[in-house]
Amino acid sequence: MHYVFVVWIQYFILGAAIFALAKAAFVFTGALFLALAVSSALRLTPWGRALVGERPWGAAAAPGASIGGQAGGVWNQAGE
């Protein structure tokens, strides 16, 4: 997702008479914030939530379900 922002920001500042390190910092910062903004906006849609692996709004986890194979902060015996 960030690739589009990196390319367009670089194109936008191509003719600017500033040091390369300043351009790199500007591109990095701009792409970071734009990618975070778009991913945050996508998470507000049902399709975006499914894309990043989150449960739909209002869906409760199954009893005893754990995130990342942990229950109560400790790995399960069965490795689930």
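Limited to segment 12-21, what total is found for residues that are surrounded by 11 or more Cβ atoms within 10 Å (Cβ to Cβ) and aromatic (Phe, Trp, Tyr)? It would help to see each step written out before you state the result.
Step one: list which residues in segment 12-21 are surrounded by 11 or more Cβ atoms within 10 Å (Cβ to Cβ), which gives 12-13.
With the extra rule that they be aromatic (Phe, Trp, Tyr), the set shrinks to 12.
Number satisfying all stated conditions: 1.
Determine whether segment 1-8 contains at least one residue that is modelled with pLDDT under 90 and surrounded by fewer than 11 Cβ atoms within 10 Å (Cβ to Cβ). It would help to see each step written out before you state the result.
Residues of segment 1-8 that are modelled with pLDDT under 90, as a first pass: 1-3.
Checking the rest, the ones that are also surrounded by fewer than 11 Cβ atoms within 10 Å (Cβ to Cβ) come to 3.
Among the residues of segment 1-8, at least one is modelled with pLDDT under 90 and surrounded by fewer than 11 Cβ atoms within 10 Å (Cβ to Cβ), which makes the answer yes.
Limited to segment 22-50, what total is found for residues that are in a helix (DSSP H, G or I) and either exposed (fewer than 13 other Cβ atoms within 10 Å of the Cβ) or touching a strand residue (DSSP E or B) at 6+ places or on another chain (Cβ under 7 Å) (or both)?
Narrowing segment 22-50 to residues in a helix (DSSP H, G or I): 22-42, 46-50.
Filter once more, keeping what is either exposed (fewer than 13 other Cβ atoms within 10 Å of the Cβ) or touching a strand residue (DSSP E or B) at 6+ places or on another chain (Cβ under 7 Å) (or both): 22, 24-25, 29, 33, 36-37, 40-41, 46-47, 50.
Going through segment 22-50 one residue at a time, the tally reaches 12.
The values are calculated or read from the model by the stated rules, or taken from the named source; none is laboratory data. From a predicted model like this one, the values you see are computed outputs, not experimental measurements. Reconstructed Cβ throughout: ideal geometry from the backbone, glycine too, with neighbour counts over all protein chains shown.
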